[in-house]
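The values are calculated or read from the model by the stated rules, or taken from the named source; none is laboratory data. All figures in this text were calculated on a predicted structure; none of them were measured in a lab. Neighbour counts run over all protein chains shown; Cβ positions are idealised from the backbone, glycine included. These accessible areas exclude ligands, DNA and RNA; they are computed on the full protein's heavy atoms, side chains included. Shrake-Rupley method; radii C 1.70, N 1.55, O 1.52, S 1.80 Å.
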Amino acid sequence: MLLSFSGTDRVERLDHRPLSAPDRVAPRSALPLLLSIPHSGRAYPAWLVRESAAGVASLVALEDPLIDRLAWRALATGVGAVIARTPRAAIDCNRAPDEVDPVVVVGAPQPTSPRALAGLGIVPGRTALSGHLWRRPIDAAELERRIRIAHAPFHDAIERGLDRLAIHHGSAILLDCHSMPHRHGQAELVIGDRHGTSASRELTDAAARIARATGWTVELNTPYAGGHIVQRHGDPAGNIHALQLEIDRATYLGPDRRTPGPGFDRAARLLEALTLGLADQIAIPQLAAE
């Protein structure tokens with residue numbers, strides 16, 4: 001079988017078939033903005049479930065539930081998007097290729113990334129609720145296969161999309177969409193720009209103003225400053241700005257935290273408002289220059 005590295009070619013073909021490259025939504029408007037949704041994959045291959053120590057429920061807990069559906073109003077504005085379909089449990093597109101936990105990948109060096117040290121590397125190894133996720137480790141060849149199938153195409157699509165926008169508009173924005181567990185006293189929305197290194201502070205402040213104007217409580221960079229996606233693709237000096245959005249799950253999901261709740265459309269309108277408002281924010285300097 002795949003993760004025990006004892007199967008035949010026939011089994012390998014069967015077991016690898018569900019892994020897929022991300023969906024790419026082509027832009028249909030002139031807005032200089034791209035969405036990325038890295039943790040929405042929820043089609044769990046049988047081989048992945050078989051290798052889990054605590055069953056599919058432990059893997060599902062890694063998702064950002066329904067964020068791809070929550071983005072429907074933003075997508076209706078005509079912006080493009082890159083949406084992961086492979087589950088985060090198999091490969092996390094918001095981690096760098098060297099964020100590897102040696103408990104999960106045989107022979108990996110001791111990690112320096114705090115996330116990998118905590119068991120949340122490029123292949124997650126453990127969670128606070130479920131403990132260790134896997135019955136056995138994988139090898140480097142299997143990790144490279146998952147990167148080739150799902151992780152690298154995700155980032156290649158973002159890079160190409162942002163480059164096209166920047167060439168056409170002179171600048172581009174990436175909104176990297178996530179959800180976060182509800183915590184008492186925490187803001188409903190956390191906007192991360194890696195403390196000003198993945199986006200200009202003016203754009204980050206504009207995002208906070210837009211969200212607050214629509215009735216959302218907002219925090220900047222605390223406790224989520226942004227992960228690998230905004231770090232890799234944000235280049236404010238080159239007029240490419242990347243913001244990570246973390247939306248409190250209690251604001252848009254029902255009590256089961258899996259299905260839409262009464263606030264679902266409110267959150268969808270938030271993403272729409274940020275899409276349109278930030279696109280306008282980028283367009284203003286361009287018009288002034290013309």
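Fully extended, how many nm does the chain gain between Ala57 and Val106 (0.36 nm per residue separation, minus their Cα-Cα distance)?
Details: separation 49, 0.36 × 49 = 17.64 nm, distance 2.48 nm.
Length difference between fully extended and current span is 15.2 nm.
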| request: Compute from the Cα atoms of the stretch 200-265 the Rg and the Dmax, the latter being the longest Cα-Cα distance, and quote both in angstrom. | output: 14.2, 43
| said: 7 Å from Cα along Cα→Cβ at both Arg212 and Tyr224: what's the point-to-point distance in nm? | reply: 2.1 nm
| said: Probe radius 1.4 Å, ligands and nucleic acids left out: which of Phe154, Phe264 has the largest accessible area, and how do the rest follow? | reply: Phe264, Phe154
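Can you give me the convex hull volume of the Cα atoms of the stretch 47-178, divided per residue and expressed in Å³? The partial results should precede the final answer.
On the way: hull volume 15.8 nm³, N = 132.
Given the Cα convex hull of the stretch 47-178, per-residue volume reads 119 Å³.
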| query | Say we join alpha carbon atoms closer than 10 Å with springs in a Gaussian network model of the chain; which of His184, His241, His228 then has the biggest fluctuation? | reply | His184
| query | If you stretched the chain out fully between Glu144 and Thr259, how much longer would it get, using 0.36 nm times the residue separation minus the C-alpha to C-alpha distance? | reply | 38.0 nm
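Quick one: Kirkwood hydrodynamic radius for the chain, alpha-carbon pairs, angstrom, one decimal?
Numbers: mean 1/r = 0.0513 Å⁻¹.
Taking the inverse mean of 1/r over all distinct Cα pairs, the chain comes out at 19.5 Å.
Report the gain in length on full extension from Arg42 to Ala26: 0.36 nm times residue separation, minus Cα-Cα distance, nm rounded to one decimal. Walk me through the numbers on the way to the answer.
Working: separation 16, 0.36 × 16 = 5.76 nm, distance 2.19 nm.
The Arg42-Ala26 span can extend by a further 3.6 nm.
Could you do me a favour and compute the accessible area per residue for the chain, 1.4 Å probe, result in Å²? Walk me through the numbers before you get to the answer.
Working: 12500 Å² over 290 residues.
I get 43 Å² per residue for the chain.
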| message | Of the candidates Ile229, Ile83, Ile167, which one comes out as most mobile in a Gaussian network treatment of the chain with C-alpha springs shorter than 10 Å? | response | Ile167
| note | Summing +1 per Lys or Arg and -1 per Asp or Glu among the other residues with Cβ less than 10 Å from Pro223's Cβ gives -1
| remark: Carbon/sulfur accessible area of the chain, % of total, 1.4 Å probe, equals 56 percent
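Out of the DSSP beta bridges found with both residues in the chain, what percent are antiparallel (nearest 5)?
About 35 percent, rounded to the nearest 5.
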| Estimated distance in nm for a label pair at His168 and Val49, the labels positioned 7 Å out from Cα along Cα-to-Cβ | 4.0 nm
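So what is the 222 nm mean residue ellipticity for the chain from helices alone, if each DSSP H run of at least 4 adds -39500 (n - 2.57) and you divide by all residues, rounding to the nearest 500 deg cm²/dmol? Before the final figure, lay out each step's value.
Working: 11 runs with 101 residues, N = 290.
Calculated at 222 nm, the ellipticity per residue is -10000 deg cm²/dmol.
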| request: Answer rounded, prolate or oblate for the stretch 57-99, using the Cα gyration tensor with square roots of eigenvalues a ≥ b ≥ c: rounded when a/c is under 1.5, else prolate when a/b is larger than b/c, else oblate. | output: oblate
| said: Let me cross-check Leu75: its accessible surface, 1.4 Å probe, with only protein heavy atoms counted, in Å² to the nearest 10? | reply: 30 Å²
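Would the stretch 131-192 count as rounded, prolate or oblate if I go by the C-alpha gyration tensor, calling it rounded below 1.5 in a/c and otherwise prolate when a/b exceeds b/c, oblate otherwise? Intermediate values should be presented prior to the final figure.
Working: a/c = 5.50, a/b = 1.14, b/c = 4.83.
Oblate, because a/c is 1.5 or more while a/b does not exceed b/c.
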| query | Quick one: Karplus J couplings for the stretch 184-189, per residue in order, coefficients 6.51, -1.76, 1.60, θ = phi - 60°, nearest Hz, x for Gly and Pro? | reply | 4, x, 7, 4, 6, 9
| said: Could you tell me the ratio Rg/Rh of the stretch 138-252? Both radii from Cα atoms, Rh via Kirkwood. | reply: 1.04
| request: Would you mind telling me which residue in Glu246, Glu188, Glu159 has the biggest mean-square fluctuation in a Gaussian network model of the chain, where springs connect alpha carbons within a distance under 10 angstrom? | output: Glu159
